[in-house]
Amino acid sequence: MSKEKSTRGNASQFFVAGELCRRGYMAVVTLGNSPNTDVLCSNIEGTRSVHIQVKTFVPGNRTCSVGKRAEINFGENFFWVLAGIPEPDSDSRFVYYIIPSPVMAEYVAEGHRRWLEEPGRDGQKHKDNAVRIVMLPPRTAQFTGWDISEYEDRWDLIEEKLNT
C-alpha cells in the first residue's frame, strides 16, 4: 500500500468521526484495533452505538473498492461510509455515501455472483477473487443496476439508530 493511500484512508476515518462529533455524537477512530470497525459512534449517553467501516475514494473516480467483507451483513447497527476525500489542491468537495450493512451486503454479493456467472472479455470464466467494488455516481452497478446516489450524505440513517 502506498504511503499516500494509507494516509488518505486514515484521514477519511477522522473526517467521518469529525462529522459525527459535529452532529453531537461521540465518535472514536479505532486506529486498526478492531478488524471490522474503523469508527465507533454512540449517542452522548452511551446507550446506543453503531459501527462504521470507512472506505476512501477520490471524488471523480468511477469506483470505490470495498473488499470481500462488504458481502457480510453485520447487522442493522453497522454502516459502510464511502468517503470521497479530495486531493489537497483540489476544488472538489467532500462526498459521503452512508450505506447500511444489509443493503451493502445484498448488492455487493449479488453483483459479484452475477459477475462470476458472466463470461469474461474473451469468453473465459471469471476467477473468484477478493475484489469487490461499488460504482460511484453517476454510474450504476453493471450487473445489478444499483445506484448509490440515494445514500449521499445520509447521516440521518446513523442518527436514527442512535436516537431511537
(message) With loop defined by DSSP as not H, G, I, E or B, and exposure as at most 11 other Cβ atoms within 10 Å, which is the longest segment of the chain clear of exposed trypsin sites (Lys or Arg not before Pro)?
(response) 1-61
(message) Run the simple label-point estimate for Asp147 and Leu116 please: 7 Å along Cα→C-beta, distance reported in nm.
(response) 2.9 nm
(message) Restricting to Cα pairs below 8 Å that are 6+ residues apart, what does the relative contact order work out to for segment 3-163? Please round to a whole percent.
(response) 20 percent
(request) Please give the length that would be gained between Asn77 and Ser65 if that part of the chain were fully extended, namely 0.36 nm times their separation in residues minus their C-alpha to C-alpha distance (nm, one decimal). (result) 2.2 nm
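Compute the Cα gyration tensor for segment 1-128, then decide on rounded, prolate or oblate, letting a ≥ b ≥ c be the square roots of its eigenvalues: rounded whenever a/c is under 1.5, prolate when a/b is larger than b/c in the other cases, and oblate in all that remain.
Here segment 1-128 falls in the oblate category.
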(message) Suppose we keep just the DSSP beta bridges with both residues in the chain; what percent of those would be antiparallel, to 5?
(response) 75 percent
(message) Sort Asp38, Asp156 by Cβ crowding within 10 Å, fewest neighbours at the top.
(response) Asp156, Asp38
(request) DSSP loop (so not H, G, I, E, B), at most 14 other Cβ within 10 Å: list which chymotrypsin sites (Phe, Trp or Tyr not before Pro) in segment 60-136 pass both filters. (result) Phe94
(request) Can you check what the net charge comes to around Asn163, using other residues whose Cβ is under 13 Å from the Cβ of Asn163 (Lys, Arg +1; Asp, Glu -1)? (result) -1
(message) With the crude spin-label approximation of a point 7 Å out along Cα→Cβ, what separation in nm comes out for Gln124 versus Ala11?
(response) 3.8 nm
(request) Might you report the magnitude of the Cβ-based charge dipole of the chain about its Cα centre, with Lys and Arg at +1 and Asp and Glu at -1, to the nearest 20 debye? (result) 520 debye
(message) Which one, Ser65, Ser149, Ser42, is farthest towards the positive end of the dipole of the chain when Lys and Arg carry +1 and Asp and Glu -1 on their Cβ?
(response) Ser65
(message) Placing +1 on the Cβ of each Lys and Arg and -1 on the Cβ of each Asp and Glu in segment 1-150, which of Val103, Cys21, Ile52 has its Cα farthest towards the positive end of the resulting dipole?
(response) Ile52
(message) Within segment 44-71, name every residue whose backbone N is under 13 Å away from a label modeled 7 Å from Cα of Arg139 along the Cβ vector.
(response) 58-66
(message) Per residue of segment 108-117, what does 6.51 cos²θ - 1.76 cosθ + 1.60 with θ = phi - 60° give for ³J(HN,Hα)? Whole Hz please, x for Gly and Pro, Karplus curve as stated.
(response) 5, 5, 5, x, 5, 4, 5, 4, 5, 6
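Excluding Leu40 itself, calculate the net charge of residues whose Cβ lies under 14 Å from the Cβ of Leu40, where each Lys or Arg counts +1 and each Asp or Glu counts -1. Intermediate results must be reported in sequence, preceding the final value.
Numbers: positive: Arg48, Lys161; negative: Asp38.
Summing Lys/Arg as +1 and Asp/Glu as -1 gives +1.
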(request) Determine, for segment 2-152, the count of lysine pairs separated by eight or more sequence positions (or lying on different chains) whose alpha-carbon distance falls under 24 Å. (result) 7
(request) State the Kirkwood hydrodynamic radius of segment 21-95 in Å, one decimal place, computed from all pairs of distinct Cα atoms. (result) 13.9 Å
(request) Within segment 42-78, list the GluC sites (Glu not before Pro) lying in a DSSP loop whose Cβ has at most 16 other Cβ atoms in a 10 Å radius. (result) Glu45, Glu76
(request) Using a/c under 1.5 as the rounded threshold, could you call segment 72-164 rounded, prolate or oblate? The axes a ≥ b ≥ c are square roots of the C-alpha gyration tensor eigenvalues, and prolate needs a/b larger than b/c, oblate otherwise. (result) oblate
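Taken together, the values in this text are just the output of simple stated rules run on the coordinates, not laboratory data. If you're wondering where the values come from, they're calculated on a predicted model, not measured in any experiment. No Cβ is skipped: glycine too gets one built from the backbone with ideal geometry, and neighbour counts run over all protein chains shown.
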